[in-house]
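S.K.: This is the structure I want to talk about, given as structure tokens.
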Amino acid sequence: MRLEQRFDSGEFVIVAEMEPPKGVNVAEMVGHAKRVKDRVAAFLVPEMNHAVMRMSALGGAMVLRDQGMETIMQICCRDRNRLALQGDLLGAGACGIRNLAVVGGEDPSYGDHHQARAVHDITPQELLAVIQGLQGGRDMAGVELNGSPQFLVGSTTHAGARGRSIELEAEEMASRAAAGARFFITPPVFDPELITPFMRRVDPQRAIVLPTVLLLKSLGMARYIERNMPHIFIPPAVIDRIEKSPEKVRECVRIVVDLVGRLRAEGFKGVMISTLGWEHKLPEIVESL
């Protein structure tokens, strides 16, 4: 069943992030995806997460799609101008990729190619309008296309992030929804109560919110995020759980499972599970849900 059909049916949807390789050997990526494909609605293929050079999202999505898996291709404004973005979108459409996630992208200074220059020729909001135009049969120059792509389009929201205005985030989401975005992925959520007030302002018929559930890898990682990423709130109880557990990695997996259960009980239509390269932990997570 296609992702859009799952959304329309009201099914609780599990999306799993699947990092492309830093190289051309896709065997590990494909193997991880195959192990959970029956329990995951779609695999989100990021476009060089954290500005670290890897295989493109288009390439990774095509590899998984050729293996019969549903994918969401991330398309990023950081690395390409309007010509290249449109070309990638047409290529994705021609290759049968039907789901997109529009993002701005992290600054290259965070990644492994510090001399890289960000492009940002157009904004994510403008890119949503570009996608609408391509689906309507014309490019940004107004030239008619020989066949137009059709996509289910998603984007991001800062809902649930500390220090963000609920009103401004709701307005931003409404604007992106009007530009064609159907689903929205949040930053990592560790306390569902932080995002609940925002959800009261969202029309569930116009926008599906998928909270990101991040797999913490260690106590040190949890403490680092809490101290250095002020927009992500990790409750002290979560850090305490990891600290007291004799099997810290297993406890981190349990935290993911518990969070997904709480978010489902809160009425969310799905989640996006991010393991940051620990895709080998996905079977343990999804089999426990």
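S.K.: Which residues in the stretch 273-287 have a backbone N closer than 17 Å to a point placed 7 Å from the Cα of Lys34 along the Cα-to-Cβ line?
M.R.: Only 279-283 pass the distance filter.
S.K.: Classify the stretch 1-134: rounded, prolate or oblate, from the alpha-carbon gyration tensor (a ≥ b ≥ c, eigenvalue square roots; a/c under 1.5 rounded; otherwise prolate if a/b is larger than b/c)?
M.R.: Judged from the Cα gyration tensor, the stretch 1-134 comes out oblate (a/c at least 1.5, b/c at or above a/b).
S.K.: Of the residues Gln86, Gln74, Gln205, which exhibits the maximal mean-square fluctuation in a Gaussian network model of the chain defined by a 10 Å Cα contact cut-off?
M.R.: Gln205
S.K.: I would also like to ask the following. Quantify, in whole percent, the carbon and sulfur part of the accessible surface of the chain (1.4 Å probe; protein heavy atoms only).
M.R.: Accessible surface attributable to carbon and sulfur in the chain totals 49 percent.
S.K.: Let me ask another. Largest first, how would Asp139, Asp258, Asp8 line up by accessible area (1.4 Å probe)?
M.R.: The ordering from most to least exposed comes out as Asp8, Asp258, Asp139.
S.K.: While we're here: Rounded to the nearest whole Å², what accessible area per residue is found for the chain with the 1.4 Å probe?
M.R.: Per residue, the chain has an accessible area of 47 Å².
S.K.: Out of all DSSP beta bridges with both ends in the chain, state the antiparallel percent to the nearest 5.
M.R.: Expressed as a percentage, antiparallel bridges in the chain total about 5.
S.K.: Can you tell which of His158, Ala101, Gln135 lies farthest toward the positive end of the dipole of the stretch 93-210, using +1 and -1 charges on the Cβ of basic and acidic side chains (Lys, Arg; Asp, Glu)?
M.R.: Positive-most Cα among the choices belongs to Gln135.
S.K.: Give the longest segment of the chain that steers clear of GluC sites (Glu not before Pro) in DSSP loops with at most 15 neighbouring Cβ atoms within 10 Å, not counting the sites themselves.
M.R.: Excluding the exposed sites themselves, the longest stretch runs over 12-246.
S.K.: A further question on this structure: Over all distinct alpha-carbon pairs, what is the Kirkwood Rh of the chain in angstrom?
M.R.: Averaging 1/r across every pair of different Cα atoms and inverting gives 19.5 Å.
S.K.: Counting other Cβ atoms within 10 Å, which chymotrypsin sites (Phe, Trp or Tyr not before Pro) in the stretch 1-91 have at most 16 and lie in a DSSP loop?
M.R.: When the chymotrypsin sites (Phe, Trp or Tyr not before Pro) of the stretch 1-91 are filtered for loop state and at most 16 Cβ neighbours within 10 Å, Phe12 remain.
S.K.: At what distance in angstrom do the alpha carbon centres of the stretch 225-289 and the stretch 2-45 lie from each other?
M.R.: That distance is 18 Å.
The values are calculated or read from the model by the stated rules, or taken from the named source; none is laboratory data. Predicted, not measured: the structure shown is a model, and the values here were computed from it. Heads up, the Cβs are rebuilt from the backbone with ideal geometry, glycines too, and the neighbour counts pull from every protein chain shown. These accessible areas exclude ligands, DNA and RNA; they are computed on the full protein's heavy atoms, side chains included. Shrake-Rupley method; radii C 1.70, N 1.55, O 1.52, S 1.80 Å.
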